[in-house]
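Report on one structure; see the data block that follows.
The values are calculated or read from the model by the stated rules, or taken from the named source; none is laboratory data. Computed from a prediction, not measured in an experiment: that's the story for all the values here. Backbone-built Cβ (ideal geometry, glycine too); neighbour counts: all protein chains shown.
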Amino acid sequence: MSPICLRVALVLPALLGVAGCEQRSAGYFQGYAEGEFVMVSPASAGRLEKRWVKRGDEVAAGAPLFALEIENEKAGRRESEAQLRSAEARLANLSTGKRAPEIEAVRAQEAQAKAARALSTQQLRQQGRLFKDGFIAQAALDQARTAYARDIARVEELEAQVRTARIAIGREKEVAAARAEVEAAKAALEQSDWRLQQRAASAPAAGLVQDTFYSEGEWIQAGSPVVSLLPPENVKLRFFVAETDVGALKPGQPVNVACDGCGGGIAASISFISRQAEYTPPVIYSREQRRKLVFLVEARPAPKDAARLHPGQPVEVTLR
């Protein structure tokens, strides 16, 4: 065989293979599964007292995940409760004063009592002179003395009521300050409740416990993740499409996905198409070099099918 014929015989199968690959790549793409993990962490630092989940557990939304020690927060809440009770008691004490119409009524009663006292004073003097001259009996004099003592006591009582009312009228600013202290104490109690609630964490969504990072008894810094969750809706597929094919794709377009051990095809839909090429040649584009450009495309399966996929698992994507 001549050298030319030998060279053609070697090159022809390779060209046929390349043509076959290019024809297959029109609707067949390589990719992998990826998970968007939810990192659950405490808002403040503390010692991990309890962790209810372990790696590989399936949890429902709202299920408890872990809790930090709460002794300091419980003491802070008790302090806030005591401050609130003290502020409410002070406000109640300052708010016992009478209103202006009630004070005027007390003053009128005081004037009446003073008039009655003056009358009983005069009557007592008259009865004393009559008893001295022998015109009345001892009983009449005693009755006058009793009426005089009664009127004096009544005047003293009403004078005390007027003084108390005046004190209450003059401390409106103190009452306003006491109300502000009550509101501040209520806000402090709400903060204590919030801090107490933040010492425990629950699952924000149903999913798989992908990993745990701390064991019970360890100290955790604020914001450090303790548990990572993978909700089914956070599983996505990433594959790369050539520059010649990306123009035909659009969000929402359905695709079929196959992988080893998945037990059948998985339906998904395109959710994202990158506008930037993943690979750019260092020279001016030519027709051959444009074939090297690939674009990232993401697709999301239904949550019921996402459980069959594992992050990092290779997949084969076929356009419908």
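Does A45 satisfy the condition of being surrounded by fewer than 18 Cβ atoms within 10 Å (Cβ to Cβ), in contact (Cβ under 8 Å) with a residue 40 or more places away in the chain and of a type outside the set (K, R)? Please lay out each step first, then the result.
Working: surrounded by fewer than 18 Cβ atoms within 10 Å (Cβ to Cβ): yes; in contact (Cβ under 8 Å) with a residue 40 or more places away in the chain: yes; of a type outside the set (K, R): yes.
When the stated conditions are applied, A45 passes them.
Yes/no per residue for (1) touching a Leu at 6+ places or on another chain (Cβ under 9 Å); (2) at pLDDT below 95; (3) loosely packed, with under 11 Cβ neighbours inside 10 Å:
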| site | (1), (2), (3) |
| --- | --- |
| S2 | no, yes, yes |
| A9 | no, yes, yes |
| Y28 | yes, yes, no |
| V40 | yes, no, no |
| R51 | yes, no, no |
| L65 | yes, no, no |
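Which numbered condition trips up A200, out of (1) surrounded by fewer than 14 Cβ atoms within 10 Å (Cβ to Cβ); (2) among the aliphatic types (A, V, I, L, M); (3) within 43 Å of the chain's Cα centre (by Cα)?
Here A200 meets the rest and fails (1).
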